[in-house]
Amino acid sequence: MDLGLAGRTALITGGSRGFGRAVALRLAAEGAAVALLARGPEALRETAAEVAREGARVHGAGAGCVLPLAADVTDDAQLREALARTTAELGPPDLLLVNAGGPPAGNFADLDLSAWEAAYRLTVESAVRLCRLVVPGMVERRRGRVVCITSVSVYQPVENLMLSSVLRPAVQALVRTLSLEVAASGVTVNAVAPGFHLTSAVERLITRKQEQTGATREQVIEGWTREIPLGRLGEADELAALVVFLMSGAAGYITGQCVVADGGWVRGTF
Ligand SMILES: NC(=O)c1ccc[n+]([C@@H]2O[C@H](COP(=O)([O-])OP(=O)(O)OC[C@H]3O[C@@H](n4cnc5c(N)ncnc54)[C@H](OP(=O)(O)O)[C@@H]3O)[C@@H](O)[C@H]2O)c1
C-alpha cells in the first residue's frame, strides 16, 4: 500500500529512543524527512544516523533528510527554536508525533504536589504546547496529521501509575476536542494507547524490578504477560506501524480516535 508519505516532513518528539525512534525509522523508510527531538544529545545523534541509514537503504543516497534537535518538550523557547529549525531546514511539519517519557510510577500516598505539577507539565502541557505551535500552520496549509502517544491508562487505571492514569485521559480529551475544531481543514488528530511494549523505558523497568525482587528477566516479563491475552509484550515497531498508518493518506477519514495496542490487556467492551 502506498502510504503517501514520501516528501512529507515529520516532527517526532521523544524521538531518540523507544516508540519515537521506531516511528522515525518507519517514516524514513517511507521517504519522509524527519526532525527528531529529545533531550540527550548522544542517543539523538545515534538515532539520527540510524534513521538516515534507513532512508538511504530504502530510497538510495540523498533521500530522507534527518534533523536532530536537542530540546525538552516542557520548554516553550526550546520548542519554538526546534520548530523554526525544522521549518527552515526541512519545511513546515506535515506530521507531528506528540511523545516523550511517561510520568513516574507511584501510588497516591507517594506523590507530593510538585510531582503532580511536573507530570502535568510533561504529559498534558507539552501536548498543548506542541499542538499550539504546530497545528495552526497545518490548518492554514489544509494538510496535517497529529498523533499523540498516550497509554492504556486512558481506558483502565494501571496499578502504581497514579499520575499516568489521571493525566492521560486529559490528553485524549484534547485529541478529541481539537480534532473537531480542525476537522474542516482536513487535519486529523488521533492518539494511540500502548500497553506493555519492549522499549528502552520498559527495559529500565525490568532491570529495576530485577534489582528490587531478585527475579530473573524472564520472570519479570512472565509476571506481566500473564495479564496479556496475546501472551507477550509488544515490539516498538508494531506500535510504529500503527502510528505511521494514522499519519498516512490512507487514514484520512479517521480523526479524534484513540487506538489501543495492548495484546488485549484492557478488559472493557469498547
Ligand atoms: N513502553 C511501553 O510499554 C509504554 C506503555 C504505555 C505508554 N507508554 C508511553 O509512551 C511514551 C514513550 O515511551 P517509550 O517506552 O518509547 O519511552 P523511552 O524508550 O524512554 O523513550 C522516550 C523518548 O522520549 C525522550 N524524552 C523523554 N523526556 C523528554 C522531554 N522532557 N523532552 C523531550 N524528549 C523527552 C527520550 O529522550 P531523552 O530522555 O534523551 O529526552 C526518548 O527519546 C511514554 O509517555 C510512555 O509512558 C509506554
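Conditions tested, residue by residue: (1) hydroxyl-bearing (Ser, Thr, Tyr); (2) in contact (Cβ under 8 Å) with a residue 40 or more places away in the chain; (3) outside the structural domain of SER126 (by TED's automatic domain parsing); (4) surrounded by 17 or more Cβ atoms within 10 Å (Cβ to Cβ).
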| site | (1), (2), (3), (4) |
| --- | --- |
| PHE19 | no, yes, no, yes |
| LEU25 | no, yes, no, yes |
| GLU30 | no, yes, no, yes |
| GLY40 | no, no, no, no |
| ALA43 | no, no, no, yes |
| VAL58 | no, no, no, no |
| CYS65 | no, no, no, yes |
| GLU81 | no, no, no, no |
Does THR87 satisfy the condition of being assigned to a helix (DSSP H, G or I), more than 10 Å from the ligand (Cβ to nearest atom) and among the hydroxyl-bearing types (Ser, Thr, Tyr)? yes
Could you please tell me which pairs satisfy a Cβ distance under 8 Å, a separation of 6+ or placement on different chains, a first residue in the range 110-133 that is crowded, with 16+ Cβ neighbours inside 10 Å, and a second residue that is among the basic types (Lys, Arg)? THR123/ARG168; LEU133/ARG80
When restricted to ALA127, ALA49, ALA71, the only residue among the hydrophobic types (A, V, I, L, M, F, W, C), within 27 Å of PRO194 (Cα to Cα) and near the ligand (Cβ under 10 Å from one of its atoms) is ALA71
So which residues in the range 1-25 are of a type outside the set (Asp, Glu) and in a loop (DSSP other than H, G, I, E, B)? MET1, LEU3, GLY4, LEU5, ALA6, GLY7, ARG8, GLY14, GLY15, SER16, ARG17
Against the conditions (1) assigned by TED's automatic domain parsing to the domain that holds ALA43; (2) surrounded by fewer than 18 Cβ atoms within 10 Å (Cβ to Cβ); (3) on the phi < 0 side of the Ramachandran plot, where does ARG208 fall short? Just the number, please. (1)
Do any residues in the range 251-262 that are touching a residue at least 40 places away in the same chain (Cβ under 8 Å) have Cβ atoms under 6 Å from those of residues that are buried (at least 17 other Cβ atoms within 10 Å of the Cβ) and of a type in the set (Ser, Thr, Tyr), where the two are at least six apart or on different chains, and which pairs are they? THR255/SER179; THR255/THR188; GLY256/SER179
Under the condition of being outside any helix (DSSP H, G or I) and over 10 Å from ARG21 (Cβ atoms), which residue from the range 37-51 is farthest from the chain's Cα centre (by Cα)? GLY40
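The values are calculated or read from the model by the stated rules, or taken from the named source; none is laboratory data. Model, not experiment: these values are computed from the prediction. Note: ideal-geometry Cβ built from the backbone for every residue, glycine included; neighbour counts use all protein chains shown.
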